[in-house]
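What follows is a single structure, written as structure tokens, with notes after it.
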Amino acid sequence: MLFSSIIFLYYFLPLVLGLYFIVPKKYKNFILLISSLFFYFYGEPIYSILMITSIGLGYLHGLWIDRMKNSKYAKLPMISSVIVSIGSLVFFKYSNFLINNLNNFFSLNIPIMDIALPIGISFYTFQILSYNIDLYRKDTKVQKNILYFATYVSLFPQLIAGPIVRYSNVEAELSQRKHSIEKIAYGISRFIIGLSKKVLLANNLGELEKIFSLSNEKTVLFYWISTIAFTLQIYFDFSGYSDMAIGLGRIFGFHFQENFNYPFISKSITEFWRRWHISLGTWFRDYVYIPMGGNRVSKLKWIRNILIVWFLTGIWHGAEWNFVFWGLYFALLLVLEKLCFNKILARLPAVINHIYVMFLVILSFAIFNGQGIGEVKEILMGLFGGLEIPLYNQVTIYYLKSYGIVFIIAIIASTPLATYIIKKLNTYSLGKKIINLLQPIVISVLLLLVTGYLVDGSFNPFLYFRF
Amino acid sequence: MKNQIKNYIIIALFIIITYGLMLINIFKPDNEISYSERRRLLQEPSFTLQSFISGDYFTAYEKYALDQFPFRDKIRGLKAFTSYYIFKQKDNNSLYIVDGYINKIEYPLNEKAIINAANKINEVYNKYLQGMNVSYAIIPDKNYFLADKKGHLSMDYDKLIQVMNGNIMNMNYIDLFEQLTIDDYYKTDIHWRQDKLIELTEYLLRSMGNELSLTKDEFSKISLYPFYGSYYGQAALNIKADTLIYLTNEMIESALVYDHIDKTYSKIYNKDRFNTVDSYDIFLSGAKSLLTIYNPKALNNKELIIFRDSFGSSIAPLMLKGYSKITLVDLRYLSTDLLSNYIDFSTNQDVLFLYNIVILNNSYMLK
């Protein structure tokens, strides 16, 4: 089920919210669990069994880790948990990628398996892993209530599209959380803002991207417009979903961590990755990079650590080589920045830093967007005049004009300008009155506009669903 | 304190909108037809255990929920409004509006499809029409008149005509492009207006060798309002509906239309079709594979065969003055190979291939 669907907005959510707030406190987690399982079942009837099994195994491993915590074999259940979780992820997500590559490199003929990628497997697997590893490290306490644990893993606000919620962040709230009018109102506003980013901006930009891919009249300028559109689309898609997850979580009394912090205002790639998909970056930092030594090792080992983390980051995004190259592309940039670029960037005007970041990020999404290496090559050649195509034509200009306002709004919305204005207004009493008056109206209008788009259209998949 | 009031209002509005629309959706009876979108709306899917487990039930229910959403037209209008007036997008679902005319983008020129259309026409000629008086004409779409005006995508019409002329053999080409203006078309529909076609009909008839004149005075006008054309529902904007004006006289009223497939007789104008899913079906009862119009008040024994699309339905009645019998063939529904089962081709018949640009640009639908 998509958040940005009529079924979710006008069937599922009102029913779940109604039930949740009617039932006594001791049944609230049960309502969340049942609705989350149904939410997942709706989109993946068969793979619901896989998720439930993963939850069960994660829970049992948690008990085992806790039981063995003072034994000399304490590592064993943790290793078992990693093998089971990663094994499941590799099987369902990467088997055919591995088979294809084995067949290509070794001229074998291993048959491809008929497996569909279970939605959200990358997210809930990482959540279960983080719980087990944190438990082993004694950074958290075991959760003996399987209902609570299952609620944590399957919680529908973040189940299929993140952010990756650490168990330690919600441990207390699973059993003791407070609800308030302020939280609910904040949650609703945040949810609708996210929904608007997804439907009004991301989907719109996605339409342009689709038009480009079907066009037989591509030009260099059209390649750039399409790639920039994709960069913005993926940002609004993903950050929109994160906003929706955070908003819904807040309605239910949970405080999820922020997942995006205006990444496009970054002045370096290093900073970009502190602002983009924060929950994934910190996950790899805490569970892969730091255990390998982080940057407290020799330079060579540090580069090795960076390469491994970014290889994994890339491949987490998809079972294709272009994702691997995408990850390694950032590895290279991060190494270069650490070694020399940062010193240069510090001396340059901020505008140059921003141009540097945006140029490299847009290029990265050209790599990300290619369906395989062949297409990546085509896109890059298209961007830099390597194909025999004109610089621009009437079609390009038509779509540039048609999407001009969308681009402008999207670019402004990707900066903290609106947040800054609201904060500033809140420092004046008149400003506060204006916000108090406008906010309910704007939120309601946005909800209705989004509904209009949903009823008019029919298909608006979340880009990160392949993860 | 005021923050709390704001919070209560946000929650209240959210509940009103979500619960309100949810409850209306549950309790309102399902609509069968969308007149503005001219199609049947999906009904509630049947529940089976298999479809539930496979997920097909949910997919079907999702589509049904979209179709039956309350205030669907108005809600869709919000998207159209946002698209045109806030985002200032040049088109919405490939529809754009210029001077009150709703148009659908037809771009780019599909040269292969045009050649295919020409080949299909040649095929029909070679099979059945050799030695006959055969003409062809292309009906321009509304984009021809309006696309360039406000910088919308406009296909290469000169190339289209050039390709057709270069590939069609043995026929007389009748150029309609200079005979029509945008005023001859409906604002909310793809089609031309029958009440504006008198001069054009005379021109067509003369081009096919019929020396006769047609004037406005020969017809009386019947106006039907409101006519929501094919683009009206798709556009989802508050645009004034058209008035459908059809022309009639004693000759047209006395004519009989025979449907070769249904084996039924009817009148030229089927007024019951007005205010149905497609009001344009008033002309010859809509999409039909093969019709023959018999003209008991004919001034001669001449016969005409028109290979046509829906545009032909509204112009054929005006051509009755020149013929005792007009046969209309729609190759979208009837295969070329079957024509001799129904039509006696003879050299004293006039033949006209009359297609609009959209059909030619997507000609693979011709059988």
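Most tightly packed first, judged by the mean number of other beta-carbon atoms within 10 Å of their residues, the peptides B:210-218, A:87-95 read A:87-95, B:210-218. Among beta bridges identified by DSSP and lying wholly in segment B:238-367, the antiparallel ones come to about 55 percent. Quick one: pull the percentage of alpha-carbon pairs in segment B:181-264 with a separation above 23 Å. Roughly 41 percent, rounded to a whole number.
Placing unit charges on each Cβ (+1 for Lys and Arg, -1 for Asp and Glu) gives chain A a dipole about its Cα centre, and among A:Ser364, A:Phe325, A:Ile278 the Cα reaching farthest toward its positive end belongs to A:Ile278.
For chain B, the longest principal axis of the C-alpha atoms and the axis of helix B:72-81 are separated by about 90°. Three principal axis extents describe the C-alpha atoms of chain A; from largest down they are 66, 64, 49 Å. What you get for segment B:196-272, charging only the Cβ of Lys and Arg (+1) and of Asp and Glu (-1), is a dipole of about 280 debye around the Cα centre. Pair-distance distribution of segment B:1-98: all C-alpha pairs, bin width 5 Å, starting at 0; shares per bin in whole percent are 2, 10, 13, 14, 15, 16, 13, 8, 5, 2, 0. Which of the helices in chain A meet the span-like rule: DSSP H, Cα axial reach of 24 Å or more, Kyte-Doolittle mean at least 0.5? TM-like helix candidates: A:48-67, A:220-251, A:299-317, A:350-369, A:429-456.
Considering the dipole of segment A:6-177 built from charges on the beta carbon (Lys and Arg +1, Asp and Glu -1) around the Cα centre, which of A:Tyr40, A:Ile79, A:Phe92 is farthest to its positive end? The listed residue farthest towards the positive side: A:Ile79.
Note on the protein assembly as shown: helix-only mean residue ellipticity at 222 nm, from DSSP H runs of 4+ residues weighted -39500 (n - 2.57) and normalised by residue number, equals -16000 deg cm²/dmol. Segment A:306-375 and segment A:23-87 have their alpha-carbon centroids 34 Å apart. Can you give the angle from 0 to 90° between the axis of helix B:111-124 and the longest principal axis of chain B, with both taken from C-alpha atoms, to the nearest 10? Relative to chain B, helix B:111-124 is tipped by roughly 40 degrees. The angle separating the long axis of helix B:198-207 from the principal Cα axis of greatest extent in chain B is about 40 degrees.
Remark: mean inter-chain Cβ contacts per residue of A:200-211 equal 1, using a 10 Å Cβ-Cβ cutoff to other protein chain atoms. Do any of A:Lys183/A:Lys432; A:Lys26/A:Lys183; B:Lys240/B:Lys288; A:Lys198/A:Lys432; B:Lys79/B:Lys271; B:Lys28/B:Lys187 go past 22 Å between their Cα atoms, and which? Those over the limit are B:Lys240/B:Lys288; A:Lys198/A:Lys432; B:Lys79/B:Lys271; B:Lys28/B:Lys187. Given q = 0.18 Å⁻¹, what are the Debye log10 I(q)/I(0) values for segment A:6-177, with equal point scatterers placed on the Cα positions and solvent ignored? Listed by q, the Debye log ratios stand at -1.13.
Taking every alpha-carbon pair within segment A:113-180, the share separated by more than 14 Å comes to 60 percent. Amide H to amide H, with H built 1.01 Å from N, B:Tyr136 comes under 5 Å of B:Asn172, B:Tyr173, B:Ile174, B:Phe353, counting only residues 5 or more places away or on other chains.
By DSSP, the beta bridges lying fully in chain B are antiparallel in about 55 percent of cases. Counts of other chain beta carbons within 10 angstrom of each beta carbon in peptide A:5-14 average 6. For segment B:208-364, the dipole from Cβ point charges (+1 on Lys and Arg, -1 on Asp and Glu) about the Cα centre works out to 240 debye, to the nearest 20. Summing charges over all other residues whose Cβ lies under 15 Å from the Cβ of A:Thr219, with Lys and Arg as +1 and Asp and Glu as -1, gives -1. Expressed as a whole percent, the proportion of Cα-Cα pairs in segment A:298-396 lying more than 16 Å apart is 65%.
Over all directions, the projected convex hull of the C-alpha atoms in segment B:109-365 averages 13.4 nm² in area.
The value given for the protein assembly as shown is a Kirkwood hydrodynamic radius of 31.0 Å, derived from the mean inverse Cα-Cα separation. Take the Cα of A:Ile112, step 7 Å toward its Cβ, do the same at A:Tyr428, and the gap between the two points is 6.1 nm. Evaluated with a Cβ-only charge set (Lys, Arg +1; Asp, Glu -1), the protein assembly as shown carries a dipole of roughly 4840 debye about its Cα centre, given to the nearest 20. The mean number of Cβ atoms from other chains found within 10 Å of a Cβ in peptide A:390-401 is 2, as a whole number.
Please work out the Cα center distance from segment A:208-227 to segment B:275-354, rounded to the nearest Å. Their Cα centres are 44 Å away from one another. For segment A:226-314, the Cα gyration tensor yields ellipsoid semi-axes of 28, 18, 10 Å (square root of five times each eigenvalue, largest first, whole Å). Protection proxy ranking of A:335-342, B:313-320, by the mean of other Cβ atoms within 10 Å over each peptide's residues and highest first, is B:313-320, A:335-342.
Each reported figure results from applying straightforward, stated rules to the coordinates on display, with no laboratory input. Since this is a predicted model, take the numbers as computed values, not measurements. Neighbour counts run over all protein chains shown; Cβ positions are idealised from the backbone, glycine included.
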